[in-house]
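J.: Okay, handing you the structure first.
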Amino acid sequence: MSAVSESIVREYFELHQFLVRQQRKYVTPTQRETEDIDFYVFNPLATPCETAPPFILTSADLAGITRAIVVVKGWHTETFSPARLAGAPGIFRFVSPKVFQRAARTFGLNGTPWKILIVPTLPHSAEAREKSILLLRSRGVDAVIPFRTLLADLVQSVGVNRNYQKSDLLQTIRILKNYDFFKGPQLELFKTTRRGRPRV
């Protein structure tokens, strides 16, 4: 996992009032980085929901999650298609009994933590998307959060008039917003065609 992807995920969960603990900050020579949990997250302000959150989480769904183990796959040019998932069994190491038992020791006995996978994107077609979801569920993943969700939330939350000197990521977003590199989604409605007429 790259440091940039790691920073995005940490800032996102902290934005939503989670306490975030990193599994480790080094890579051992005998154990690949993909074999471990990246973050333990705990939400002290969680509010129980009557219904279970959906598999593809939005930011609004996080309020119902108390504790989770999080693994980040920052393969930003990849789509988590059924073929990609089937060809990369290492993705699912974090849900193995050995790793999950270690997570249970970290959180104690106050409930089973969610197993959340941060993914670049899922397939766009409904059929392939459903197949990916079924495969992820069958391997023990409880939920996924697309990177687009994380980034959109962070961009929206950053204020141009605030100084984020303790976060390089948020400060960078602030600078980009200040110079109008991010536009509000509502402006997409008023894009003009080549002839200069507004799109209907």
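Residues are listed down the side, and each one gets a yes or a no for (1) out of contact with any Leu (no Cβ under 9 Å at 6 or more places or on another chain); (2) aromatic (Phe, Trp, Tyr); (3) outside any loop (DSSP other than H, G, I, E, B):
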residue: Pro44; (1), (2), (3): no, no, no
residue: Glu50; (1), (2), (3): yes, no, no
residue: Leu62; (1), (2), (3): yes, no, yes
residue: Trp75; (1), (2), (3): yes, yes, no
residue: Phe80; (1), (2), (3): no, yes, no
residue: Leu85; (1), (2), (3): no, no, yes
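J.: Mind checking which pairs have a first residue in segment 133-148 that is in a helix (DSSP H, G or I) and a second that is of a type outside the set (S, T, N, Q) and modelled with pLDDT under 90, Cβ under 6 Å, 6 or more apart or different chains?
T.: Leu135/Pro82; Leu135/Leu85; Phe147/Pro120
J.: Pick from Arg162, Arg195: which is in a loop (DSSP other than H, G, I, E, B) and modelled with pLDDT of 90 or more?
T.: Just one listed residue meets the conditions, Arg162.
J.: Ala152 fails exactly one of the following numbered conditions: (1) in contact with a strand residue (DSSP E or B) (Cβ under 8 Å, 6 or more places away or on another chain); (2) in a helix (DSSP H, G or I). What is the number of that condition?
T.: (1)
J.: Report, ordered by the first and then the second residue, all pairs with beta carbons closer than 7 Å, sequence separation of six or more or different chains, a first member in segment 50-63 that is closer than 18 Å to Phe147 by Cα, and a second member that is assigned to a helix (DSSP H, G or I) and among the β-branched types (Val, Ile, Thr).
T.: Phe55/Ile133; Thr58/Thr149; Ser59/Thr149
J.: Here is a list of conditions, (1) modelled with pLDDT of 90 or more; (2) within 21 Å of Leu170 (Cβ to Cβ), and Val4 meets all of them except one; can you say which number that is?
T.: Checking Val4 against (1) modelled with pLDDT of 90 or more; (2) within 21 Å of Leu170 (Cβ to Cβ), the one that fails is (1).
J.: So, one more: Can you pull out every residue in segment 41-56 that is within 24 Å of Pro97 (Cβ to Cβ) and at pLDDT 90 or above?
T.: Of everything in segment 41-56, those that are within 24 Å of Pro97 (Cβ to Cβ) and at pLDDT 90 or above turn out to be Val41, Phe42, Phe55.
The values are calculated or read from the model by the stated rules, or taken from the named source; none is laboratory data. These numbers were taken from a predicted model, which means no experiment stands behind them. Here the Cβ is made from the backbone with ideal geometry for all residues, glycine too, and neighbour counts use every protein chain on show.
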